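The values are calculated or read from the model by the stated rules, or taken from the named source; none is laboratory data. Not measured: the values here are computed from a predicted model. Backbone-built Cβ (ideal geometry, glycine too); neighbour counts: all protein chains shown.
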Amino acid sequence: MKEQLPKIIFIILLNSSLICCSSVIPKEIRNQALKGVSLKELASNPAAYYGKTVILGGKVVVCRNLDGHGEIEVLQKPLGFRDRPRDRDYSEGKFIGI
């Protein structure tokens, strides 16, 4: 299961970058995404979401350039209209995309 975690994190990262960098998530991605999945649920059972699309939102807080790859650290935020992150004090935590 730990081997699958980087793939899951990559999917989260991809979806988060679409949210942060785009005003609208493409309809194809929105239609295939599971609705209402929280970071807490995803972190507690990542295998249940392997290979599925989940939309999470947040703010990039750190970017790291490492040997052979990069990482971004995202502070999760609740999603609002059109699945865009709402600027609220509440967060379920951070996640790292590789």
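Laid out as a table, the results:
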| item | result |
| --- | --- |
| Odd one out for Ala43 among (1) surrounded by 13 or more Cβ atoms within 10 Å (Cβ to Cβ); (2) under 21 Å from Pro26 (Cα atoms); (3) among the small types (Gly, Ala, Ser) | (2) |
| Subset of region 53-91 (residues that are closer than 11 Å to Leu39 by Cα and more than 12 Å from the chain's Cα centre (by Cα)) | Ser91 |
| Output for region 46-66, where each listed residue is of a type outside the set (Val, Ile, Thr) and surrounded by fewer than 16 Cβ atoms within 10 Å (Cβ to Cβ) | Ala47, Ala48, Tyr50, Gly51, Lys52, Lys59, Cys63, Arg64, Asn65, Leu66 |
| Some residue of region 67-84 being modelled with pLDDT under 85, farther than 22 Å from Arg30 by Cα and surrounded by fewer than 14 Cβ atoms within 10 Å (Cβ to Cβ) | no |
| Long-range neighbours under 7 Å by Cβ, at least six apart or interchain, first residue under 12 Å from Phe95 (Cβ atoms) and free of Cβ contacts under 8 Å to residues at least 60 places away in the same chain within region 51-69, second part of a loop (DSSP other than H, G, I, E, B) and not basic (Lys, Arg) | Val54/Val37 |
